[in-house]
Structure formats: structure tokens, C-alpha cells
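Notes follow the structure.
Since every read-out is calculated from the coordinates, none of them should be taken as a lab result. What you see is a predicted model, and the numbers here were worked out from it, not measured in a lab. Positions of Cβ are generated from backbone atoms using ideal geometry, with glycine treated the same way; all protein chains shown enter the neighbour counts.
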Amino acid sequence: MSELRFAHAINRALDDAMARDETVVLLGEDIGKAGGIFAATRGLQERYGPDRVIDMPIAENAISGAAVGLALGGFRPVIEIMFMDFMAFAMDAVVNQAAKLHFMFGGQAPVPLVVRTQHGGGLNAGPQHSQCLEAWFAHIPGLKVVVPATLDDAYALLQSAIDDPNPVIFVENKALYAMKGTLSEPPPPVPLGVARIARPGRDLTIVTYGAMLFQALAAAETLAARDIEAEVIDLRTIQPWDEAAVLESLSRTHRLVVAHEAVEAFGAGAEIAARMAQIGFDELDGPIQRVGGAFMPVPFGRALEAEYMPGEAEIVAAALATYD
Amino acid sequence: MTEAGARIVMPKLGLSMTEGLLAEWLVAPGDEVAAGQVMFVVETDKISNEVEAPAPGRILSLLVEAGATVDVGAPLALWTGPGQGVGEPLEETPAPVKVETVTPAAASAPAGDRIRSTPFARRLAKQGGITIETCAGTGPRGRIQARDVRTALEAKPAAAPKGRNLRALIAARVSRAKAEIPHFYVTADAAFDALIVLRTGLNADPATPRPLSITAFLAQAVARALALQPEANVVWRDDRAMPLPGIAIAIAVDTPEGVMAPVVPFDAQGDIYSAADALDAAIARARAGRISGADAGEAAIGISNVGMFNVRALTPIIDPDQTFMLGVGAPQAVFRPGPHGRPRAVKEVTLTLACDHRAIDGAGAARFLALIVELLEQPARLLIPRG
Amino acid sequence: MARGRNQSGPELGELYRRMLLIREAEKSCGALFAEGAIPGFIHLSDGQEAVSVGVMASLRPDDTISSTHRGHGHALAKGLSLDGFFRELMGKADGACKGRGGSMHVADLSVGMLGANGIVGGGVAIALGSGMAQKLKGGDGVAISFFGDGALAEGILHETLNIAALKAVPMLFVCENNGWSEFSPTSTQVSFTLEKLAAAYSLPYHGIDGTNVEAVAALAAEAVATVRRERRPIVLEFFTTRVRGHYEGDSQRYRNDPAPPVDPLAVARTLLLEQGAAEAELDALADAVRAEVQAAVEAARLSPEPTLQSAADEVYAR
């Protein structure tokens, strides 16, 4: 076990992947010489050379399109889109090309690429640098979407994402990069699409992913003081998500809260809530509650952003509302 | 849009059965059921019967609640397996049959208002055998939640009546018997000393496999008599005396809820010990309230032995499905003229045979009773297996 | 048959045959579409055959190309089979893409055809990546991005030219300039010439008339050889005519061409006759090609439709 920061776990995962598979190549802006603005790719160009860790100009569309060409050419590109907000520039390559080529070409070849990006508020980065857009990509057949919360999961899931023959959007969180945690040696492998019960409980199920996990765990402690034992499930993968695990938990607790930092309206939580209302209808002893960002751009400013960010208090309130 | 489903109906478990009480559901909507799996329990006045699925299928909906009494052939549930009874598979789920149900707790819903309940609460109520409307809702806007159902279930009396009113069922049967069957009676007194001596001797013998009761001897004698006089082994059906294919005797058993009469089949060649085993098993089931379809076969005659109560005779009522009922009194100590005219103390048991005059005449009934008496007075013959 | 000017590649006669094949195939597509046997949109490339055939003449199966929505000629010239082609356009289960892509997405990765593309400019960066892959693998394979003048206004083209130049990617940018961007003449869409654009990115540029297959083949051979050797990009532009509408069904009322379009097949045929080929020979060749195409069309009609489940099973690769 080692004490590391989350960003180091990403770095370790990329390093180990590139060491064991010479077809893994990295593309991105300032990832080579500069080692990435969050240091996720630090030291990799020195180790693997500029042919495999490629600095690209600010051209998200071309970077993403080139990744598709590289993937079709037998490589496993891992590209970095610096802020998830900039995925907007990459939409044609990711949505119209990468997601569809395997299907559209009748299964002739897979497109094994990974888009690493980061989302979330908490650093006062403002409306164009804080968005959580994972729901966009979870909505596209052909893409997979992963959002790890812990160091072990970040390491293991990035390995699994790189090994996956499909295009995977791997979403890190800017506020978590500096988080210290333990990285197991070696971290246990985690396949895509499998959730984890982060805290077992008998009264209520809280489904979450990403940084919100820590808010949910804190909320569970607060609820425990009121004799409500919450079970917290970390989805880890959003697309495909572990429906069976959530249903199994709901069949024991009969109450459900879905929480994420992304805007609540039309967010990933909407799919989880609707699906559980459909297949878990008979288990429900109260209405399903969602927690997410308010329907507004993430504001700048310390006080404003702090008030905007959904967290422990909102999850506790939602949990109590399932008894309403 | 609902799935079309085929009917599961109330089965006819006895020739004279017209309705049954659905005592317990053992499946719920959505369950996948295998062939042979027990789906529900039906109680009639005679038996409690577990009904099995005839084929695999998935239960779609339950139409009748546990505790409801429905006619034979009435639909009980919809499923994807083969349909039973008349009619095509239903295209839509019909409204549940309105039947009287037991209501252990007071209803709390405001009059005219919609009952609000959570899906889980409804499921708990169904499993617990109570109707959701009888639960007091403590959720918002009076919504009934799981905790409310649990509260209602706890308040239910522990020995909740299964809803069966045996006395009423007995009343219906005996009333019908008296109304429909033209009874006549033949009476005889059987000398019992030989049987008493034989029985005592057998039961005291260390080699005996098991003790024999008086009822065992009575039943063996009646069974032998039926074998020797086939014209008596009939039941009145469809305007004729229908011979029965085998020999069976109904045994009246006193239970806390009322008399029950399991039918015990007899092997014509069988020995008295096997018969005693079968008798004891049937009596035990009846006392435990657990007689099943196997105890509800056809029989020409029932035996009601009240000898243990120290009454001289019983003039019984025939079961509507049978032809005879033999009432047996307690052994009486009397003086009878001996071979030289001198009084001799003997034990006698009064046998009163009630007969259905549609199926048998006086002469035949008298011959039959005389045969029984003869077998009881020479009981050693009952131990000899028939050739 | 007499030799063409391109001494090291296929003879003119063979180039002519390949163009005939594309022309016949496109004619069949037009008829099939009109009869309703081909669903959706199709974009026919009549008049642009010389570019497809001339450029592909210098390529190997391990060289890769990306294409446009008007990619039938590219696909057939690169080696997609007639059977796979017609069955795909008709949406059949044994089409090149199992009936899931259709006209705008015909592809055959086994011969380096990375797909026609329904997005204008959508294939350009894919060719960039493919070229980067060629470079990483070593060897002398090249990647080609085919695009029309309609893509000149798309940002992705500019991004890609920039990166290709910066990173010295062994690829060719091949523009088929037919003067039309959908319903607008290119002059109203683009404020520059590709020649000037290439110069802005410090890339070598060559632009010629694209109706003479010999000339196209000769230029392409030289350019491809250069890219193989020097591993840096080159920009080529071929001026052609778009004989048919932007899509089949486009009545083209917006066109007012001063002169009738030049047909590259007519140019090649004239050249062959000048070189001593007999009319009868050429007619027989045309008949044979026509028969080959018809046979593929009739066979394709009999193919089965795909099932939705088989499509659903391949949304993700396993």
C-alpha cells in the first residue's frame, strides 16, 4: 500500500499500461513536455519518447479524429481532453465516428480508444471549465463511460478502459486530483460495469459516482446518528451501469436516493431513477429522490460556487424525503 | 397494455363439491411456477387440498384473495400456462372477484378517498393475508407504508381463524343428507365377548406388531362384509346404484372443530394390522386438521363408533355421498338365555345401520348387517387373509 | 493495347476498365435508387472517376484512405468488391457493412478503405490518425484523405493540415474540386484557394485537371512515391465536374454551367483510340463490365435482410 494523490494513481496506471502494451500511445495538449496540467502524465514522455507521448496543438476535433485513425491502425490511443467542457469540440469524432464505426462497418474492426478528461466544480474555475457532461456520452450507443472515485478504482478502471476494445470516456475530477489516498499494491482489477457497495446499510440505498461518493458517505454517517442506516453504492461505471446491484440493494432497503454533482435535470441519475421505478417498482416504500446540481451554469466566486455545489446536506435531505 | 393470460380455476376436488375456500396462496404474481409445484390450498368441508400446477408457467395476477369462498370452476388467477375450465384466455385482467373476507382490523381510509399505498406495502399486505385497505396509513396524505402493514399484521390475532366455519359446513351436509336421502334403519345387537377376548389376547402377545382398536375390528368386519356382499358396495349416482371399484370406509373422527370423516381404502385380501395402520394414520391426520385429497375418496359406508362414550346406540345420519352409516354403541353387559335356558352374562354392542333406500332395499340391508354381526361374533375369521 | 504514359503502373486500358466499372456501378445505383431498391440518400460520383482510379493506381492494400459521402468510386477503386458494394447499398445482411452503413458508410478495412463518411470533413482527421499509425509502424505505408471542395470551409481540415505539417505525417490530402458545395458554387463558400492554403501550412501542393486519368495517375504516382520516401504530407487538387446533383433527386436548378461537363471516360476512350485500340475492342470491354456489374446487382437482389438482433449484438466490440 502506498499513500499517493489521485493524480499519481492515474500516472501509475498510464505508466504500467504503456509498459505492458507498446500499442498504447498518448495524445493531448501539454501532456508530454509539461506532463499535463494536473501532472497526470508527468514523466511519461521521458520514459516512452515523443513518438508515444505526443503533444498536440489546441485542436480537440483533430486530436479525437486522429485517435480514431490510430485505433483503426492497430494502436490503443489514450487522448486527454483537458477540460470536459472542451469535449464540445470533439463531438463529431467521438459521437459520429468513434462510437459508430464498429457498428456501422458491420463489426469489421473495433475502435479501442480512451478519452481521458476531467469534470467538476470546487476550484472556482467558472461556468466553462466546471461542467459534468458524462450524461451526454452515456446517451450514445457505442460509448462506455467510467467515473472512478477512489485511487484503487482509478488505477484499475483505467487499465480496464485501455484494454477495452470500445471507445471509453474516462472521467476524472479536478477537485480529486490532489486527494490523498492509498493505492493497493497491486490494486485489485475492476471490470467495467461493476458497482461497489462502499457502505452497507439496511434502511436506504444511496447510488452515486465520482466525487459525490465522499459526500454520500458523510451523509450516511449523519443519517446513522438518526438511526437510519444508509447503503452507499459507488457505480464506478455509468455506461454500462450495474443495474442488478442497485436493484438487489433496493430490494433490501426499499428506499432510493440517486446523487451526483452533475446538473440534476436530464442527468445520469434520471436514467437510474427511471429504471429503478420501472424494474424495482414493487420494492419501493417511498418516492425515489435525486440530488444534483441546480439548473444553472456553475457559478464563479467562492461563496456562490460553494452554495451551488450539491453535497452531504442535500443527500441527507433527500434521504429523509424518501420517508415522505 | 396487459398480457393475455389463461385462467387457473377452482378445481372440483370431490364429486359433490360445489364451492371451495381458497385458504392460502403459495405463489405471487410474477412467480415462475414448475409443473407439480403447489400453487394454493383449497379447503372444503371434508378436506384441505394442496393444488399443484399442471404445467410450467408464470403467474400474471391473482383474482381472488386468500380466505375467499368461490364456486367450483370460478377463475382464481391468470397465468401463462395452459388454461383450465371454460372460455378463451382473457385479453385483459378482469376486476378481482368480490368475495367476503376476514377483516381483522378497522379500515382507516377516509370515505370516498383513494387509498394511497406504496408498492412494497401492498406486497407485504398480500403476503400477510390482509387487505391493504384495512391498514391505517401513517405516511403523507394517509399513505400506507410498510411499517403500517407490519403494525396491522402484528395486531392480527395469533390463531387467526383460517376463515373456515366447519360447523356451518357440517350443518349444510347433514341437512342435505336428511333432505335428500330416504333413510331407513336396521338394528342388531352383536355379541362382543369373543371379540373382546381375541383383542385382549392379541394386544397382550409380545409378538404383536401393534395394538388393535375396536374400530379396527369394526372396519375389518365391514370391509369383509362389503367384499362378500357386493350389492352393498354401491353409491347412488345419476339415478342408479353405481358399484364402487374398490372397498373404502369413512371413519368418523371427533376433532376440536367438529366431526371429520376421512375415507380409508381397504385391501380386500388385506390383514387387519395393515388396516389398523391406515386407520390410525387417517385419524391422526383428521385430528391435526390436515386431511388431503387422498382422504376424500368414494365410500359406500361410514362408521361412527361412539362406544367409548358409554351410550347404548347411535342412530346416525348418512353422508350425502355414501349409502350407509353404521352407528356403534358401547358394549353393554346384559343377561341372555344360555344354551339350556339359564341366564348368562354377555357383552353386546348395538349396531344401528342407516341405509339409503334408493340404493338398497330392506332385505339387502338386513343381510348386510347380519353379515357384519356374524363376522364380529366370529372375529378370528377377520384375522385370516381372504383367499 | 497500347501503353499509357504511366510506365510503372497499370496500363491505360486497365485504368479505363476500372473507370468503366465505377461508371456502370454508379449508373446501376441511380436506377436502383429510382426503383426503390436502394433506401436513404446516395451521392453519385459520375465525372470524378479519373481521380479515384488514377490515385488508387499507386496504392497498396496496406495504404489507407478515408473518404466522403460521395465515396463509391473511392471504395471500388480501392478494392471493395462489387458484391459487397451492391449488397451494402441495398441494406442486405451480407453487404460490406452487413447492411448497417449503406451508401454513405461503405467500408472495407481489409483493403485499407476506412469508410465513406456521412459528415463533411469527418474522414479528414481519421486519415491523419491513420497516417500517424503508418509512421509509428515504420515501413512506407501512406494514408490519404479524400475530400471535396465543400470541406474547405470546415475547421477540421485546417486543424488537420496544421497537425500533419507539424508532425510530418506521411499522408496525402486529395481534394476533388467539382466547383460545388451542396447547392452553392464553391466561390461563394471559400475565400481562398487550396493552393494558397497549402502554402500557408508550408505544404507542397499540386493541382491539375482531374478528367485525364493518365495525368492523374502520373501525378499521383509521383506524389505517393515522395510521401513514401520523405514521410511528410503533400496536398493534391484535381479539378473535375460533378455531373449529377449533390444527391440523387437533386434537380440542380441552381446550376447554370457555361460548358457541358468533360467526361473522363470519353477522354480516356479517345486516348485509347488514338493509341491504336479498336472501337469493337472498347465496346466489348464496356459490355463485359456492364455484364459484370449487372450480375452483381442481380445477385444482390436475392440476398437476405439482416436482423435487428444481429445489429444490436455489435453495438459494442467484445
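Quick look at the numbers
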read-out	value
Footprinting exposure proxy for A:Glu283, A:Glu60, A:Glu185, A:Glu261 (fewest neighbouring C-beta atoms within 10 Å first)	A:Glu185, A:Glu283, A:Glu60, A:Glu261
Shielding by other protein chains, A:56-63, mean Cβ within 10 Å	6
Over the protein assembly as shown: Rg over Rh, Cα atoms, Kirkwood Rh	1.23
Cα-based equivalent ellipsoid of the stretch B:259-324: semi-axis lengths in Å, sorted from largest, via gyration tensor	19, 15, 15
Rg(Cα)/(2.2 N^0.38 Å) for the stretch C:250-318, N = residue count	1.95
Fraction of antiparallel bridges per DSSP, the protein assembly as shown only, in percent to nearest 5	50
At R0 = 35 Å, FRET efficiency that the Cβ-Cβ distance of B:Asp280 and B:Glu32 yields, to 0.05	0.30
The stretch A:1-142 - share of DSSP beta bridges that are antiparallel (%, nearest 5)	0
Residues with amide H under 5 Å from that of C:Glu237, placed H, sequence gap 5 or more	C:Cys175, C:His206, C:Gly207, C:Ile208
Under the Karplus curve 6.51 cos²θ - 1.76 cosθ + 1.60, θ = phi - 60°, whole-Hz ³J(HN,Hα) for the stretch B:269-283, x wherever Gly or Pro sits	8, x, 9, 5, 6, 4, 4, 5, 4, 4, 4, 4, 5, 5, 5
Other-chain or far-sequence residues with amide H under 5 Å of B:Ala250's (modelled H)	B:Val264, B:Ile301, B:Gly302, B:Ile303
Solution diffusion estimate, µm²/s, Stokes-Einstein, the stretch A:246-324, Kirkwood Rh from C-alpha pairs, 4 °C, viscosity 1.567 mPa s	98
Packing-based order for B:277-283, B:19-25, C:68-74, A:75-81, using average beta carbon neighbours within 10 Å, highest first	C:68-74, A:75-81, B:19-25, B:277-283
Count of lysine pairs in chain B with Cα separation under 17 Å (8 or more residues apart, or interchain)	5
Amide H contacts under 5 Å for A:Leu27, placed H, 5+ residues apart	A:Ile54, A:Val78, A:Ile79, A:Glu80
Relative contact order of chain C, pairs being alpha-carbon contacts under 8 Å that are 6 or more residues apart, as %	24
Computed Kirkwood radius, in angstrom, where 1/r is averaged over Cα pairs of the stretch C:37-157	14.4
Calculated log₁₀ intensity ratio I(q)/I(0) where the Debye formula runs over C-alpha points of chain C, q = 0.14 Å⁻¹	-1.10
The stretch A:127-209: relative contact order as a whole-number percent, Cα under 8 Å and 6+ apart	32
Note, ³J(HN,Hα) from phi for the stretch C:56-66, Karplus 6.51, -1.76, 1.60, rounded to Hz, x at Gly and Pro	5, 4, 9, 9, 9, x, 7, 6, 10, 10, 10
Rotationally averaged projected area of the stretch A:131-208 (alpha carbon convex hull; nm²)	6.6
Listed residue pairs exceeding 21 Å between alpha carbons, taken from A:Lys100/C:Lys98; A:Lys100/A:Lys174; C:Lys137/C:Lys167; A:Lys100/C:Lys167; A:Lys144/C:Lys135	A:Lys100/A:Lys174; A:Lys100/C:Lys167; A:Lys144/C:Lys135
Residue order, fewest to most beta carbons within 10 Å, for B:Ser274, C:Ser52, A:Ser130, B:Ser48	B:Ser274, B:Ser48, A:Ser130, C:Ser52
Ranked list, fewest to most other Cβ atoms within 10 Å of each Cβ, for C:Lys137, B:Lys347	C:Lys137, B:Lys347
Point-to-point label distance, C:Val315-A:Asp51, nm (Cα→Cβ direction, 7 Å offset)	3.9
Relative contact order computed over the stretch A:239-324 (Cα-Cα under 8 Å; 6+ residues apart), in percent	35
Expected 222 nm ellipticity per residue - DSSP helices of 4 or more, -39500 (n - 2.57), all of the protein assembly as shown, to 500	-10500 deg cm²/dmol
Cα convex hull of the stretch A:283-324, projected area averaged across orientations, nm²	3.5
Rounded to 5, the percent of DSSP beta bridges in chain B classed as antiparallel	85
For chain B, the Rg and Dmax computed from alpha carbons only, in angstrom	26.2, 95
Rough spin-label spacing in nm, given labels placed 7 Å along Cα→Cβ, for A:Met1 and C:Ser202	5.4
Debye intensity ratio in log₁₀ form over the Cα atoms of the stretch C:159-223, taken at each q of 0.21 Å⁻¹	-1.04
In sequence order, calculated HN-Hα J values of the stretch B:328-340 (Karplus, 6.51, -1.76, 1.60; Hz; x Gly/Pro)	10, x, 7, x, 10, 8, 9, 9, 10, x, x, x, 9
Within 10 Å of each Cβ in A:275-283, the average number of Cβ atoms from other chains	2
